[in-house]
Every structure is written in C-alpha cells, then in structure tokens.
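Just so you know, all these numbers are worked out from the coordinates, no wet-lab data involved. Just so it is clear, the model here is predicted, and its values are computed rather than measured. Every residue, glycine as well, gets a Cβ built from its backbone with ideal geometry; the counts of neighbours run over all protein chains shown.
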Amino acid sequence: MDAMSQLKKTYDEKGYVICDSLLPMTVVEELQEITNQIVDAGAALSASDEVYEILDDLETKQSRIERIKSPHAVNPCFDALIRRKEITDVLRALLGPDIRLQNSKLNLKGKEGSAPVEWHQDWAFYPHTNDDVLAVGIMIDDMTEDNGTVLFAPGTHRGPIYDHMSEGFFCGAVGADVAKDLPDISDTVTGKAGTVTFHHVRLLHASKANLSGDPRRFILYEVMAADAWPLAGCSAVFESWDSMNARMVIGKQSDAPRLVDVPVRMPQPLPPKVSSIFQLQRDGANKYYMEGTNS
Ligand SMILES: O=C(O)CCC(=O)C(=O)O
C-alpha cells in the first residue's frame, strides 16, 4: 500500500492523521515571524474586533489575545499555506480532488496563560450535506504535553453527534457525562513546529490549558469536499458566490450538493453573546476542564 493510501486507511479508522514535520523549517520560521507581527499589532487592544478575539484570563482577569480570526484573510501567507503541495497532497487523498476552505483560525495559547478547550465535535458547529469535512491543524510552535496539547478520541468520528447544549442554548461543548470517559481513550497530540494534523469533523477532541511558560500557536483550517454544502445555508457562511469560489483550495467548485445520511444536530438556539468557541464554552455550563478539578 502506498503512503497516501495508508494515510487514508488510518484516517478512516481513527478519524485523524498526524504528519510529522510536514512543512520545512523556513516556512515555520516565516509563520512564526508573521504571527509575532500580527500579535504585536493587536497588543494594545482590550476588546475583540474583526481580527482579534480578546478574552480575560479566568484566574488573573488580565485580557489577552486568544485567537486571530480568519488569518487567511489577514495575511496572504496564511491563505497560501493551506494551498501548499505538502498539504493538498494529503487533502486530495482524504477528501478527493475538489476541496474548499470555509474558514481559518489561529489559536494562541500564550505563555501568559490560556483556557482549555472543552470536548466537542466541530460538526456540532457547522453541519454539512455530507461529512467529507475536516480540520487541518498546523503547529506554529512545538506542541508538548504541557503547553496546551490537543486530545483526539480515536474512532469517535463514527459515533453519535452529541448534544452540545446547556441551559437551553448551544454552548459548543459536550456534557461532563460524555467528557468524563474521553481522557482514558484519547490520544495526546504532540509534535515539532511544522507538524500538521488532519481531523475528521465528527471526531471528539479537546485541548488542555498551557501550563508551560512557552507559547503554543496552532492554526486550524476548516476544509471540505466541494460538494459538502453548509446546512446553515451558504449566505450564513460566505459573503457571496464569488467569495465561496475564491475559497477553493484545489479542483472545481460544485453547485450540486451531495446528500449523505449522516447524523446531524443544528447549533441552535445560540446564546445572546456569541463570538467563538471560547466564549460559548466559557458562558455555558458544560465545563469539564475549565471547572478546574480535571486536568
Ligand atoms: O487550539 C486548540 O487547542 C484546539 C481548538 C479547537 O479544537 C477548535 O478551535 O475547534
């Protein structure tokens, strides 16, 4: 079996694959430099805007930049990154020849602190007409066991879609009754900067707080087969047909959504204040890691 077929087999079985040091160090250094510049430019902000998600630390109450929103739209290097051959070769093997980007996010687990991300399935946020949808995660820094490692629960991409509701609103996290069994079956993701992860949209995953004093910056791209269309409707996700076309990564756009019988829940109703997964999880009641007793 060739390397790409083996990758696809592992992805189908586990719901994720990790390609160690897939990107050259020169690219990683450029990404680190651009990220530093964007973070420096937003350092004086105390409230979120179109580019920066600013949150108060749960313990120190100091505000910090938790996320750069849509980095592919902030700097062309991030748009070019998802189109690099090292990545599209893997995407083609996992999703086929026609692939579209929906959005991207650069999560910053800074040395000055960070929130954990509770167990969730990305599919609960953005269900599509079929589940040939995944997230590409690129490590801008080494990811270690104590700087905010990601946890993947292998095989859960074939299971149910769990309720991500609390107190009547979508909160972006499964309940503690589901979360409590996941650490024991989960894999801890570590790797050198330049390592790239590919995880299925239905895979249960989480990430720990950064306790290391070192930064952990991780960029995630939401990508899908071009015939997977958002159930929330295109206008909820894309500004226009042109912008939907501009987000093609490889191959051709599709105007014929492929419908597959997959379990779906809609992320509704939304709470009054919605900015991101961090805010949703923080405001909701489904806290497993954030509550502080589990680590
Ligand atoms: O940055 C991380 O630690 C993971 C975040 C995540 O799972 C998400 O944003 O969906």
Using the Cα centre of region 15-283 as origin and beta-carbon charges of +1 (Lys, Arg) and -1 (Asp, Glu), tell me which of 70, 35, 263 is placed farthest towards the positive end of the dipole. 263
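Assign one of three labels to region 15-283, namely rounded, prolate or oblate, based on the Cα gyration tensor with a ≥ b ≥ c the square roots of its eigenvalues; rounded applies when a/c is under 1.5, prolate when it is not and a/b is larger than b/c, and oblate otherwise. Display every interim value, and only then the final one.
Details: a/c = 1.31, a/b = 1.11, b/c = 1.18.
Verdict is rounded for region 15-283.
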With label points set 7 Å from each Cα along the Cα-to-Cβ direction at residue 268 and residue 10, the distance between them in nm comes to 4.0 nm
Please list, ordered by chain and number, the residues whose modelled amide H lies under 5 Å from the amide H of residue 249; skip anything fewer than 5 residues away on the same chain. 99, 100, 101
Quick one: Cα centre-to-centre distance for region 113-157 and region 15-44, in angstrom? 17 Å
Gain on full stretching of the segment that runs from residue 61 to residue 240 - 0.36 nm per residue minus C-alpha separation: 60.5 nm
Rounded to the nearest 500, the 222 nm mean residue ellipticity computed for the chain from DSSP H runs (n ≥ 4, each -39500 (n - 2.57)) alone is -6500 deg cm²/dmol
Interchain or long-range residues, amide H under 5 Å from residue 117's placed H: 207, 208
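Quick one: net charge of residue 265's neighbours, Cβ under 12 Å, K/R +1, D/E -1?
Working: positive: 202; negative: 163.
Net charge in that neighbourhood comes out at 0.
Please list 198-208, 73-83 highest first by mean number of surrounding beta-carbon atoms within 10 Å per residue.
Working: 198-208: 24.1, 73-83: 17.1.
Per-residue Cβ counts within 10 Å, averaged per peptide and sorted highest first, yield 198-208, 73-83.
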Distance (nanometres) between label positions extended 7 Å along Cα→Cβ at residue 111 and residue 32: 1.2 nm
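Which order, highest average first, do 254-262, 136-144 follow once you tally other Cβ atoms within 10 Å for each residue and take the mean per peptide?
In decreasing order of mean packing, 254-262, 136-144 become 136-144, 254-262.
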Between residue 176 and residue 231, what FRET efficiency comes out of the Förster formula 1/(1 + (r/R0)^6) with R0 = 30 Å and r the beta carbon distance, rounded to 0.05? 0.65
Can you run phi through the Karplus equation (6.51, -1.76, 1.60; θ = phi - 60°) for region 183-196 and list ³J(HN,Hα) in whole Hz, with x for Gly and Pro? x, 5, 9, 8, 9, 8, 9, 10, x, 6, 3, x, 6, 10
³J(HN,Hα) across region 144-161 via Karplus (A = 6.51, B = -1.76, C = 1.60, θ = phi - 60°), whole Hz, x for Gly/Pro? 10, 5, 10, 10, x, 4, 8, 10, 10, 9, x, x, 6, 5, 9, x, x, 9
Under the Karplus relation 6.51 cos²θ - 1.76 cosθ + 1.60, θ = phi - 60°, what is the ordered set of whole-Hz ³J(HN,Hα) values for region 73-83, x standing for Gly and Pro? 9, 8, 9, x, 4, 6, 6, 5, 4, 6, 9
Mind checking which lysines have their C-alpha under 24 Å from residue 61, skipping anything on the same chain fewer than 8 residues away? 69, 105, 109, 111, 208, 273, 287
